[in-house]
Amino acid sequence: MTDDDFAIQLGARIRELRKLKGVSQLELAYDMDMSMNTISTIELGKISPKIETIKKIAQKLNVDIVEIFQFSDMPSKDKLTRKKIESLSRSLMSENLEFIDLVIETVNILKKAQNL
């Protein structure tokens, strides 16, 4: 893997985690005391952030630093599935626990029905 490939994969992973956490580039930039352009440039793999910056990003996104380096070679179908699940997860964040439990029960019933 070249340095450029690494920077691209690192940036894509940071973007993936940021979106998973429902954080905008602007919010992350503000929390990191950086410009939004710098965050965008990192996510596009045009620059490689220093390890201290990566540590701060992990802290701001509330993830273990190891997660940032867990690159994914998922096919695009899996990425689409992940995006849909992430979207559903974000939509449930503001719901109460009883509703979330009901959604989980419903999903389990649907999964069992599909296997019949």
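What the table shows:
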| read-out | value |
| --- | --- |
| Filter result for the condition that a residue is under 20 Å from L10 (Cα atoms) and either of a type in the set (A, V, I, L, M, F, W, C) or open to solvent by less than 70 Å² (accessible area, probe 1.4 Å) (or both), over L80, L88, L102, L110 | L80 |
| Conditions (1) open to solvent by 90 Å² or more (accessible area, probe 1.4 Å); (2) in a loop (DSSP other than H, G, I, E, B); (3) touching a residue at least 24 places away in the same chain (Cβ under 8 Å): number failed by D4 | (2) |
| Contacts under 6 angstrom Cβ, first residue in segment 33-52 being under 13 Å from I68 (Cβ atoms), partner open to solvent by less than 60 Å² (accessible area, probe 1.4 Å) and in a loop (DSSP other than H, G, I, E, B), 6 or more apart | I42/P49 |
| Some residue of segment 57-74 being open to solvent by 30 Å² or more (accessible area, probe 1.4 Å), among the aromatic types (F, W, Y) and either in contact with a Ser or Thr (Cβ under 7 Å, 6 or more places away or on another chain) or free of Cβ contacts under 8 Å to residues at least 40 places away in the same chain (or both) | no |
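The values are calculated or read from the model by the stated rules, or taken from the named source; none is laboratory data. Note that the coordinates shown come from a computational prediction; the quantities given were computed from them, not determined experimentally. Note that we place each Cβ from the backbone using ideal geometry, even for glycine, and neighbour counts take in every protein chain shown. For accessibility, only protein heavy atoms count, side chains too; no ligands or nucleic acids. Shrake-Rupley method; radii C 1.70, N 1.55, O 1.52, S 1.80 Å.
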